[in-house]
Structures are given as C-alpha cells and as structure tokens.
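Engineer: Sharing a structure below in structure tokens format, with a few things to ask.
Computed from the coordinates by the stated procedures, all read-outs in this text should not be read as laboratory data. For clarity, every value in this text was computed on a predicted model and none was experimentally measured. Cβ coordinates were reconstructed from backbone atoms using ideal geometry, including for glycine residues, and neighbour counts include every protein chain displayed.
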Amino acid sequence: MKNIVILISGGGSNMEAIVRAAGRDRWAERFGARIAAVVSNKAEAGGLAIAKAQGIDTTVVPHKDFATREAFDEALAKVVDGYAPALVVLAGFMRILTPGFVNRYAGRLVNIHPSLLPAFPGLNTHQRAIEAGCKVAGVTVHQVTTELDHGPILAQAVVPVLPDDTAATLAGRVLAQEHLLYPRAIAGWLSDTSCHNE
Ligand code: GRF
C-alpha cells in the first residue's frame with residue numbers, strides 16, 4: 001500500500017477534500033494508496049479533529065518546541081518516515097521547509113499554492129492579485145523544491161477576479177477550486193506512478 005502523509009497547519013479543508021476523494025474515488029483499489037497520517041505543526045489546527053473523525057492517525061510536532069528550523073524538520077521527518085510515505089502532501093502547511101527536508105522527499109513532495117504561479121509566490125496572494133489589477137487568479141499544485149513556491153507545476157485552475165472582489169471573496173472562490181484541483185492532481189500523480197511501477 002502506498003502511504004500518503006498530509007501536513008497541515010490550520011483548518012484542513014484541502015486535507016478533508018483529499019480524504020473524501022480518496023474514499024469516493026476508491027484510491028485504495030485503483031492506486032493501492034491510502035491517507036496514512038495527518039501531521040500538524042500546531043496543536044490547535046482544526047483539521048486534526050476532522051482527520052481523527054475519519055480514523056486517520058494524527059500527530060502534532062509543535063514547531064515552537066524546537067530552537068532551529070533544522071531541528072524541527074528533523075523531528076517532523078522522523079514522524080513522516082514512520083509511515084514510509086510514497087507521497088507527502090503539504091495542505092495549508094505554513095512552515096518554510098529546510099533544503100534537508102525537501103531533498104529527503106524529492107519527487108514525492110507536493111504543495112498547493114493559492115495563485116497562478118509563477119505569479120505571486122509567498123503570502124497575501126489574493127490581495128496582491130487584486131492590487132495588481134489581475135483579471136484572473138487561481139491555484140497551483142506543484143512539486144516542492146528548495147526555492148519557495150517555485151517547483152515544477154503539476155496542475156492549475158483559473159478563476160475570474162470580479163470588480164467588487166476583496167481578498168476574502170477571491171480567497172473563497174479560489175479555495176473552492178483548490179478542493180477540486182488538489183485531489184485530482186494527486187490522483188493523476190498516483191496514476192502515473194502506478195504505471196511506472198507496473
Ligand atoms: C489554502 O488556501 C492553501 O492554498 C493555502 O492555505 C489555505 C489552507 O486552507 N496555502 P486549508 O487549511 O486547506 O483549509
């Protein structure tokens with residue numbers, strides 16, 4: 001069985017969309033894959049209760065307990081490695097990962113970013129898109145490399161920016177697409193890697 005480990009920091013709505021898709025679209029039968037664990041750097045992350053309710057293992061590795069990014073990433077990797085993951089999914093995981101962590105999972109580490117990369121890497125993407133006068137915005141699923149929000153693009157979805165949009169209304173429109181795109185992109189990745197393995 002291919003284990004998927006999902007890292008979160010907050011509400012976990014993308015994680016929930018992935019878990020639902022895995023059940024609905026029978027990832028276990030089709031790809032031999034399952035969501036093995038959800039790991040958060042914050043104990044208060046709302047997504048933890050959602051994962052637990054689905055019977056998924058959850059672990060908290062509080063970044064505040066570690067003096068350096070390297071020490072935190074090492075502790076995080078220890079938990080993640082416990083599941084021998086085929087794929088590590090960042091879903092609203094709000095920590096910058098060290099090159100050591102990123103390289104350890106090279107080729108099996110993906111992220112979702114709420115902009116049409118390469119436009120607007122980093123934070124406050126929706127406000128920046130509105131201020132730049134963009135007529136469209138969107139979301140990107142990409143492989144994670146050591147440069148923040150710059151890895152090879154796996155999938156994108158576009159939404160319109162409407163004249164009255166605020167960062168909040170645009171974020172809501174983008175998030176609805178995130179919930180469709182991320183499960184689809186992961187299923188595509190699983191289907192590709194299944195083929196390579198056969
Ligand atoms: C999403 O917009 C994601 O793209 C961004 O943070 C938000 C997380 O939402 N990085 P959730 O925790 O998945 O609900």
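Engineer: Need one word for the stretch 1-128: rounded, prolate or oblate. Basis is the Cα gyration tensor (sqrt eigenvalues a ≥ b ≥ c); a/c below 1.5 gives rounded, then a/b vs b/c decides.
Structural biologist: In terms of gyration-tensor shape, rounded.
Engineer: Taking H placed 1.01 Å from N in the peptide plane, check which residues at least 5 places from Ala33 or on another chain put their amide H under 5 Å from its amide H.
Structural biologist: Amide H neighbours of Ala33: Lys2, Ala28.
Engineer: Pick out, from Val5, Ala22, Phe72, the residue whose Cα sits farthest towards the positive end of the charge dipole of the stretch 1-79, with +1 on the Cβ of Lys and Arg and -1 on the Cβ of Asp and Glu.
Structural biologist: Ala22
Engineer: Here's something else I'd like to know. Work out, step by step, the length gained on full extension between Arg20 and Lys78: first 0.36 nm times the residue separation, then minus their alpha carbon distance; give nm to one decimal.
Structural biologist: 18.2 nm
Engineer: Using the Karplus equation 6.51 cos²θ - 1.76 cosθ + 1.60 (θ = phi - 60°), what ³J(HN,Hα) coupling, rounded to whole Hz, does each residue of the stretch 160-165 give in order, writing x for Gly and Pro?
Structural biologist: The phi angles translate into x, 9, 8, x, 8, 4 Hz.
Engineer: Can I ask one more? What is the dipole size for the stretch 101-198, taken about its Cα centre, with +1 at each Lys and Arg Cβ and -1 at each Asp and Glu Cβ, in debye to the nearest 20?
Structural biologist: Taking the Cα centre of the stretch 101-198 as origin, the dipole is about 80 debye.
Engineer: Moving on to the next point. Between Ala176 and Met1, what is the spin-label point distance in nm, taking each point 7 Å from the Cα along the Cα→C-beta axis?
Structural biologist: About 3.5 nm, to one decimal.
Engineer: Pop a pseudo-label 7 angstrom from the Cα along the beta-carbon direction at both Lys64 and Ser194 and give the gap in nm to one decimal.
Structural biologist: Modelled inter-label distance: 4.3 nm.
Engineer: So, in nm, how far is label Ala71 from label His150 when the simple model puts each one 7 Å beyond its Cα toward the Cβ?
Structural biologist: Each label point is offset 7 Å from its Cα along the Cβ direction, giving 2.9 nm.
Engineer: Select from the stretch 9-77 those GluC sites (Glu not before Pro) which occupy a DSSP coil region and have at most 11 other Cβ atoms within 10 Å, ordered by residue number.
Structural biologist: Glu44
Engineer: Place a +1 charge on the Cβ of each Lys and Arg in the stretch 2-197 and a -1 charge on the Cβ of each Asp and Glu, then give the dipole magnitude about the Cα centre in debye, rounded to the nearest 20.
Structural biologist: Computed charge dipole of the stretch 2-197: roughly 400 debye.
Engineer: Can I ask one more? Have a look at the DSSP beta bridges in the chain and tell me what percent are antiparallel, nearest 5.
Structural biologist: 40 percent
Engineer: If you filter the stretch 124-174 for trypsin sites (Lys or Arg not before Pro), then keep DSSP loop positions with at most 16 other Cβ within 10 Å, what is left?
Structural biologist: In loop regions of the stretch 124-174 (DSSP not H, G, I, E or B), the sparsely surrounded trypsin sites (Lys or Arg not before Pro) are Lys135.
Engineer: Keeping to pairs on different chains or 8 or more places apart, tell me how many lysine pairs in the chain have Cα atoms under 19 Å apart.
Structural biologist: Final tally of qualifying lysine pairs is 5.
Engineer: So, in Å, what gap is there between the alpha-carbon centers of the stretch 14-30 and the stretch 64-122?
Structural biologist: What the calculation gives is 21 Å, centre to centre.
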